[in-house]
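All remarks here apply to the structure that follows.
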Amino acid sequence: MAEDHKKPSPASQYAGATSASPPVMRFPVSFPIKVMGKDTPEFHQAVAAIFSRHAAPYESLPVKRNSSSGGQFISLTVTIVAQSREQLDALYLELTSCEHVLVTL
């Protein structure tokens, strides 16, 4: 019978990470967050407001934009300087709860 080989999780890139324990991150840390949604003014306004509440004024953050081939969807990779795990958790929670955000990575 073949053995089940699992890919390492993205968290395993951090020192001290094991499958049984959360990764150890040293703060502050530069942290990219990818957000995807329909390319609408409402999506952009919601994302800007969420990042401004949890990180820094959105206009001051580096943002990489990639539109879908049809132009209907967009992915934004926003890099923040995270100050704590709690900050990242709160940011991810609000992003994933937003009706305009389809995916957050």
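Somewhere in the range 80-90, is a residue modelled with pLDDT of 95 or more and farther than 23 Å from Val24 by Cα? No: the range 80-90 contains no residue that is modelled with pLDDT of 95 or more and farther than 23 Å from Val24 by Cα. Within the range 89-105, being within 14 Å of His44 (Cα to Cα), hydrophobic (A, V, I, L, M, F, W, C) and not in a strand (DSSP E or B) holds for Leu95, Cys98.
Checked against the criterion of being at pLDDT 95 or above and in contact with a His (Cβ under 9 Å, 6 or more places away or on another chain), the range 64-72 contains not a single residue that satisfies it. All conditions in (1) out of contact with any Lys or Arg (no Cβ under 9 Å at 6 or more places or on another chain); (2) of a type in the set (Ser, Thr, Tyr); (3) modelled with pLDDT of 95 or more hold for Thr18, with the sole exception of (3).
Contact map, the range 25-52: first residue closer than 16 Å to Arg85 by Cβ and in contact (Cβ under 8 Å) with a residue 12 or more places away in the chain, second residue part of a helix (DSSP H, G or I) and of a type in the set (A, V, I, L, M), Cβ cut-off under 8 Å, separation 6 or more or different chains; pairs are Phe31/Leu88; Ile33/Leu91; Ile33/Leu95. If the condition is being modelled with pLDDT under 95, surrounded by 14 or more Cβ atoms within 10 Å (Cβ to Cβ) and not hydrophobic (A, V, I, L, M, F, W, C), then the range 21-57 contributes only Pro23.
The residues of the range 32-57 that are farther than 13 Å from Leu91 by Cα and in contact with a helix residue (DSSP H, G or I) (Cβ under 7 Å, 6 or more places away or on another chain) amount to a single one, Gly37. Please verify whether Ala48 is small (Gly, Ala, Ser), closer than 19 Å to Ser30 by Cβ and within 14 Å of the chain's Cα centre (by Cα), treating the condition exactly as stated. It is false that Ala48 is small (Gly, Ala, Ser), closer than 19 Å to Ser30 by Cβ and within 14 Å of the chain's Cα centre (by Cα). Looking only at the range 61-88, which residues are exposed (fewer than 11 other Cβ atoms within 10 Å of the Cβ) and assigned to a helix (DSSP H, G or I)? The one that is exposed (fewer than 11 other Cβ atoms within 10 Å of the Cβ) and assigned to a helix (DSSP H, G or I): Glu86.
The values are calculated or read from the model by the stated rules, or taken from the named source; none is laboratory data. Being a predicted model, the structure only gives us computed values, none of them experimental. A quick note on method: Cβ atoms are made from the backbone with ideal geometry, for glycine too, and the neighbour counts reach across all protein chains shown.
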